[in-house]
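Accompanying notes for the structure given below.
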Amino acid sequence: MGLNVALGGLTACLAALSLAIGTTWFSPDQFIAAVLGSDERLALILYQIRLPRTLLAILIGGALGLSGAALQGLVRNPLASPSLFGAPSAAALCAVILISTGAAGALSFMLPIAGITGALLSVGVLLAIAGKDAPIVVLLLAGVVLSSFAAAGTSLAINLSSNPFAALEVAFWLLGSLEDRSFQHVWMAAPFIVVGVLLMSFQARALSVMSLGEETAKSLGVDVVRLRILIILGVALAVGSSVAVAGTIGFIGLVAPHLVRPLVAYDPSRLLVPAGLAGASLLLAADILVRLVPTSGEPLKVGVVTALVGAPFFLGLVLRERHALAARGAW
Amino acid sequence: MLLNKVSCTFQQGELTAIVGPNGAGKSTLLRVLLGLVRHSGEARLGSETVATMNIKERARRISYLPQGQTHAWPLSVEAVVRLGRYPHGGSTPAAPNASESGDAVIDQALERLDLIGLRDRSILTLSGGEQMRVALARALAVDGEFLLADEPLASLDPRYQFQIMEALAADASHGRGIVVVMHDLALAARYAHHMILLAHGKVLRSGTPSEVLTEDAVVEAFAVKVQTVEVDGQNGACSVALPVGVA
């Protein structure tokens, strides 16, 4: 409980910072003036530009962190995450197909639906493979293949797009960014993220039992097939709709659960909420960072930052788990 | 087909040992009893069919210790044992004080397997024998009417083997029905009230150790040379045929 309060406090501090930082930096006085609406221009910046961006960082970071924790609990492995299961790339592919064919605009509710469908397909395929007691190596390889396939499909869609500006737009959006998002984006993603997060949270206790292995979990009354379906659905809803409004933001789902796991005594059921809060904090921090780093032209994309930090982190994790991977052939 | 026309009954308050050569269907029989595999025929608990029972209720009444338990995370010993309370609802590591009677059962399980001193240790730092004791304590924490254990003695040294069998026999004497799949016929003869000898998916013999471990039955099932010896069993001294070499 104390941990959740601490992480919640951290998220709140970063959120306040995220609201204060931008092209115009708010001083404490200006911040108060903006919040109270006594300065109309500042209030406009705060409520129409920075608040949706900050809310999306919290929602999406939380969705990714919690999804990562749920997937890791389900497959009993700290190397699992939505990205490694190809969920963001597949979600992006479906969204891009929709946009590049002109079937839907960038603010259509069809986008999160397409993203969710893509994520559902990739996570479903991966977990169907995992269900047969596949070692993690098989899962990771299958995830790499799915991600590459989805990425190739996305490139193809951009390639074939008749409008070069549309292609450029799609490419930038795929890099993962929270820039220039409005409340419309928040409403597009929030309902799906909330439902997905709730679906996963209700399975917390079963995830703890899964740590004893599938056979024991079944004997203890866990309906493993149902659990798997609910987690797939939860991850697809949360990650698919996140990608639909922010593009692919990698590694939060891997890093966030890992950072807080020792603080909850490695218990998968207690991990979900802290991992979500840690994910929200990480994405807020990354999104603040992209606004602080000076660039000559386009500002940095937050998806690029999380990947730059996350990839070496993942490598470190693999190196640390190397012995365990070798020792437990079943991995 | 792994099992064919197998019919057997298990009593509460007894330790039943299921023995037989590799591939005889011992583990499958346990999984049928739990309703974990599809099967024709019927497994009953009292008057109820196990396969159609609510899975939480079944989990509360029959606990299962599968072969080769692995652990995904370095949970504490107590947290692992506490997972045995899952089918009863409420008490998990997330809500350790949800049920006081659950806590009493957990303490008792830890105490019976001499794990009190290890309760805060990470499960992954324990030796094989200690891990098996934790796994058994987890199964005891379910506090069901029956406990089915699949080769709990595998890869344990003799001292730990005796320790586990003593714990199971003591638990049976407290009223639980214990069913153990095992390979060590001498230990089975010593600790079991009742034995079932499976071979090629069928029940070759069923009864007390001296009724089951006869010279011809053991020779037929295992294709070994045997020697008849006296052992100190649960029903007093009895003579059983034990393997001494390849036939």
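The values are calculated or read from the model by the stated rules, or taken from the named source; none is laboratory data. Predicted model, so just to flag it, every value in this text is computed and none were measured. We place every Cβ from the backbone using ideal geometry, glycine too, and count neighbours over all the protein chains shown.
List of remarks:
- Among the residues of this structure, residue B:72 does not count as one that is touching a strand residue (DSSP E or B) at 6+ places or on another chain (Cβ under 6 Å) and part of a loop (DSSP other than H, G, I, E, B).
- Test for residue B:169: is it part of a helix (DSSP H, G or I), touching a residue at least 40 places away in the same chain (Cβ under 8 Å) and closer than 20 Å to residue B:9 by Cα: yes
- The range A:183-204, residues that are assigned to a helix (DSSP H, G or I), surrounded by fewer than 20 Cβ atoms within 10 Å (Cβ to Cβ) and within 14 Å of chain B (Cβ to nearest Cβ): A:201
- Of residues in the range A:207-226 being over 19 Å from residue B:67 (Cβ atoms) and touching a Pro at 6+ places or on another chain (Cβ under 7 Å), the one nearest to the other protein chains (Cβ to nearest Cβ): A:221
- Top-ranked residue in the range A:64-97 [being part of a helix (DSSP H, G or I) and not hydrophobic (A, V, I, L, M, F, W, C); ranked as surrounded by the fewest Cβ atoms within 10 Å (Cβ to Cβ)]: A:72
- Qualifying residue in the range A:259-275 (condition: in contact (Cβ under 8 Å) with a residue 24 or more places away in the chain, within 13 Å of chain B (Cβ to nearest Cβ) and of a type in the set (Gly, Ala, Ser)): yes
- Of the set (1) surrounded by 22 or more Cβ atoms within 10 Å (Cβ to Cβ); (2) under 18 Å from residue B:190 (Cα atoms), all apply to residue B:157 but (1).
- Test: residue B:15 is in contact (Cβ under 8 Å) with a residue 60 or more places away in the chain, away from chain A (no Cβ under 14 Å) and under 21 Å from residue B:154 (Cβ atoms): yes
- Qualifying residue in the range A:54-68 (condition: more than 14 Å from every other protein chain (Cβ to nearest Cβ), over 17 Å from residue A:243 (Cβ atoms) and of a type in the set (A, V, I, L, M, F, W, C)): no
- Of note, residue A:100 does not satisfy the criterion of being away from chain B (no Cβ under 14 Å), buried (at least 20 other Cβ atoms within 10 Å of the Cβ) and within 29 Å of residue B:72 (Cα to Cα).
- Residue within the range A:289-298 that is within 14 Å of chain B (Cβ to nearest Cβ), over 20 Å from residue A:15 (Cα atoms) and surrounded by fewer than 24 Cβ atoms within 10 Å (Cβ to Cβ) present: no
- Of the residues making up the range B:25-38, at least one is crowded, with 19+ Cβ neighbours inside 10 Å, touching a residue at least 12 places away in the same chain (Cβ under 8 Å), more than 7 Å from chain A (Cβ to nearest Cβ) and touching a Gly at 6+ places or on another chain (Cβ under 7 Å).
- Subset tally (residues that are hydrophobic (A, V, I, L, M, F, W, C), assigned to a helix (DSSP H, G or I) and over 16 Å from the mean Cα position of the chain (by Cα)) for the range B:20-54: 2
- Check on residue B:140, of a type outside the set (D, E, K, R) and closer than 23 Å to residue B:104 by Cα: yes
- Scanning the range B:186-235 for residues that are within 19 Å of the chain's Cα centre (by Cα), in a strand (DSSP E or B) and surrounded by fewer than 17 Cβ atoms within 10 Å (Cβ to Cβ) yields a single hit, B:207.
Per-residue answers, yes or no, for (1) under 19 Å from the mean Cα position of the chain (by Cα); (2) within 20 Å of residue A:207 (Cβ to Cβ); (3) modelled with pLDDT of 95 or more:
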| position | (1), (2), (3) |
| --- | --- |
| B:81 | yes, yes, yes |
| B:90 | no, yes, no |
| B:93 | no, yes, no |
| B:109 | yes, no, no |
| B:113 | yes, no, no |
| B:127 | no, no, no |
| B:130 | yes, no, no |
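- Residue tally, condition in a strand (DSSP E or B) and either under 17 Å from residue B:58 (Cβ atoms) or touching an Asp or Glu at 6+ places or on another chain (Cβ under 8 Å) (or both), over the range B:108-149: 4
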